[in-house]
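Trainee: Quick one: the structure is below, questions incoming.
The values are calculated or read from the model by the stated rules, or taken from the named source; none is laboratory data. Given the structure is predicted, the values throughout are model-derived calculations rather than measurements. So basically every Cβ, Gly included, is an ideal-geometry build from the backbone, and we count neighbours across all protein chains shown.
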Amino acid sequence: MILVDTSVWIDYLKGIKSQHTDALDDAIIEGIVAMGDLIFLEILQGIRDDHEYQLTKELLLTLDPLEMLGKDMSVKCADNYRTLRKKGITIRKTADVIIATFCIEQKLPLLFLDRDFIPFIDHLGLGSVLPITSSK
């Protein structure tokens, strides 16, 4: 199984062709994509059109659902954030801390575009679906 960050999903749903969206397409065909509840929320809250919202929701609900946060995960997220902060690295979005920490704990590789995940790879053992070549 893999987890896919919101930024890749947005490009995929907009029909943008890239190495990342191709990898997502391949993973969907292979049946190895899981959907984290936080990522599900981020994707759906950004959709303005009601019809597109319904279609996207139905598509995403077909993927294996994962609950990403609870008391234990909250503590691990805070620990990881603090570990990086002590190294002089500030992660801009709490959601990215949750997604990265969840993947680390569950040993799930992450397909992502956002550069905020790179410190989790470099310092905390996050696995990446694709080799790191560039970041947003």
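Trainee: Please specify each residue of the range 93-108 satisfying the condition of being surrounded by fewer than 16 Cβ atoms within 10 Å (Cβ to Cβ) and either in contact (Cβ under 8 Å) with a residue 40 or more places away in the chain or in contact with a His (Cβ under 6 Å, 6 or more places away or on another chain) (or both). Working first, answer last.
Mentor: Filtering the range 93-108 for residues surrounded by fewer than 16 Cβ atoms within 10 Å (Cβ to Cβ) gives 93-94, 105-107.
Scanning the range 93-108 gives a single hit, Q106.
Trainee: Considering only residues that are of a type outside the set (V, I, T) and within 24 Å of L69 (Cα to Cα), which ones fall in the range 28-46? Show your work before the answer.
Mentor: Restricting attention to the range 28-46, the residues satisfying the condition of being of a type outside the set (V, I, T) are 30-31, 34-38, 40-42, 44-46.
Selection gives G31, A34, M35, G36, D37, L38, F40, L41, E42, L44, Q45, G46.
Trainee: Next question, about the same structure. Can you work out which of the residues in the range 1-11 that are part of a helix (DSSP H, G or I) and of a type outside the set (A, V, I, L, M, F, W, C) is surrounded by the most Cβ atoms within 10 Å (Cβ to Cβ)? Write out each step before concluding.
Mentor: Initially, the range 1-11 is screened for residues part of a helix (DSSP H, G or I), giving 6-11.
The next check asks that each one be of a type outside the set (A, V, I, L, M, F, W, C); those that pass are 6-7, 11.
Working: T6: 23, S7: 18, D11: 16.
Within the range 1-11, the match that is surrounded by the most Cβ atoms within 10 Å (Cβ to Cβ) is T6.
Trainee: Counting just the residues of the range 29-56 that are without any contact (Cβ under 8 Å) to a residue 60 or more places away in the chain and surrounded by 16 or more Cβ atoms within 10 Å (Cβ to Cβ), which one comes out nearest to G15 (Cα to Cα)?
Mentor: Residues of the range 29-56 without any contact (Cβ under 8 Å) to a residue 60 or more places away in the chain: 29-33, 35, 37, 40-56.
Subset that is surrounded by 16 or more Cβ atoms within 10 Å (Cβ to Cβ): 33, 35, 40, 42-43, 47, 56.
Values: V33: 18, M35: 19, F40: 18, E42: 18, I43: 15, I47: 15, T56: 13 Å.
Taking the candidates together, the pick is T56.
Trainee: Take the range 115-136 and flag every residue that is of a type outside the set (D, E, K, R), over 10 Å from the mean Cα position of the chain (by Cα) and either part of a helix (DSSP H, G or I) or at pLDDT below 95 (or both). Let's see the steps before the verdict.
Mentor: Step one: filter the range 115-136 for residues of a type outside the set (D, E, K, R), giving 117-121, 123-135.
Cutting the leftovers down to over 10 Å from the mean Cα position of the chain (by Cα) gives us 118-121, 123-135.
Once the filter is applied, which keeps residues that are of a type outside the set (D, E, K, R), over 10 Å from the mean Cα position of the chain (by Cα) and either part of a helix (DSSP H, G or I) or at pLDDT below 95 (or both), the range 115-136 yields I118, P119, F120, I121, H123, L124, P131, I132, T133, S134, S135.
Trainee: Cβ-Cβ under 9 Å, sequence separation 6+ or interchain: first residue in the range 112-134 and free of Cβ contacts under 8 Å to residues at least 24 places away in the same chain, partner among the small types (G, A, S) and in a loop (DSSP other than H, G, I, E, B). Which pairs?
Mentor: R115/S134; R115/S135; I118/S135; I121/G127
Trainee: Please enumerate the residues belonging to the range 80-92 that are touching a helix residue (DSSP H, G or I) at 6+ places or on another chain (Cβ under 9 Å) and loosely packed, with under 12 Cβ neighbours inside 10 Å. It would help to see each step written out before you state the result.
Mentor: Within the range 80-92, the subset touching a helix residue (DSSP H, G or I) at 6+ places or on another chain (Cβ under 9 Å) is 80-81, 83-84, 87, 89-92.
Scanning the range 80-92 gives K87, T90, R92.
Trainee: Which count do you get for residues in the range 88-121 that are more than 16 Å from I10 (Cβ to Cβ), touching an Asp or Glu at 6+ places or on another chain (Cβ under 7 Å) and charged (D, E, K, R)?
Mentor: 1
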